Structure formats: structure tokens, C-alpha cells
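Quick note: the coordinates plus some simple rules give every number you see, no bench work behind them. Just so we're clear, the structure is a prediction, and the values are computed from it rather than from any experiment. Neighbour counts run over all protein chains shown; Cβ positions are idealised from the backbone, glycine included.
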Amino acid sequence: MAIKKKVSKSTIEIDLTGPDGNAFMLIGKAGNLAKQLGLDKAKIQAEMMSGDYENLIKVFDKHFGHFVTLYR
């Protein structure tokens, strides 16, 4: 018998082409992450909604890119 170490997943992965890539899902995920990190949820979500979908992704990545990997 072999005992292996459990590999922890250090980042969250989101496929933007799937249902998790929906703008509303990303805004909700941003709110949850902001709350967990002690960031201003309303300010981040407002910035995400201030432009088009590309802006939304850029703002999400700016604030959470070190925790979340986005795939196209």
C-alpha cells in the first residue's frame, strides 16, 4: 500500500465558455470572494458592471487574478 499526499488546489478555475462564465455568475463570485477577502464588494461589482463583458473580465482578473484562473 502506498500513502500519497493530498494535493491541494490552490486556485479556482473558471471556464468562461461554460455556465460559470456568465456575467451574473462572475459578479456573484466576485461578491463572495470580496467578502471573504475583506474587500469592498459593492465597489468591485460596480466597477465590473461599468462596461462591457470584456471590462467585467478585466476587473475580475485585476482583483482576483492571483486566486482565480480564467479560461476562454
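So which residues in the stretch 17-36 are more than 19 Å from residue 71 (Cβ to Cβ) and either free of Cβ contacts under 8 Å to residues at least 24 places away in the same chain or among the polar types (S, T, N, Q) (or both), if there are any at all? I'd like the intermediate steps shown before the answer.
Our first condition is that a residue be more than 19 Å from residue 71 (Cβ to Cβ); within the stretch 17-36, this holds for 31-32, 34-36.
31, 32, 35, 36, listed by residue number.
I need every pair where a residue in the stretch 44-58 that is assigned to a loop (DSSP other than H, G, I, E, B) has its Cβ under 9 Å from the Cβ of a residue that is of a type in the set (Gly, Ala, Ser) and surrounded by 12 or more Cβ atoms within 10 Å (Cβ to Cβ), sequence separation at least 6 or different chains.
Qualifying pairs under 9 Å: 49/23.
Which residues, counting only those in the stretch 26-35, are surrounded by 14 or more Cβ atoms within 10 Å (Cβ to Cβ) and either farther than 12 Å from residue 49 by Cα or small (Gly, Ala, Ser) (or both)?
Residues satisfying the conditions are 29, 30, 31, 33, 34.
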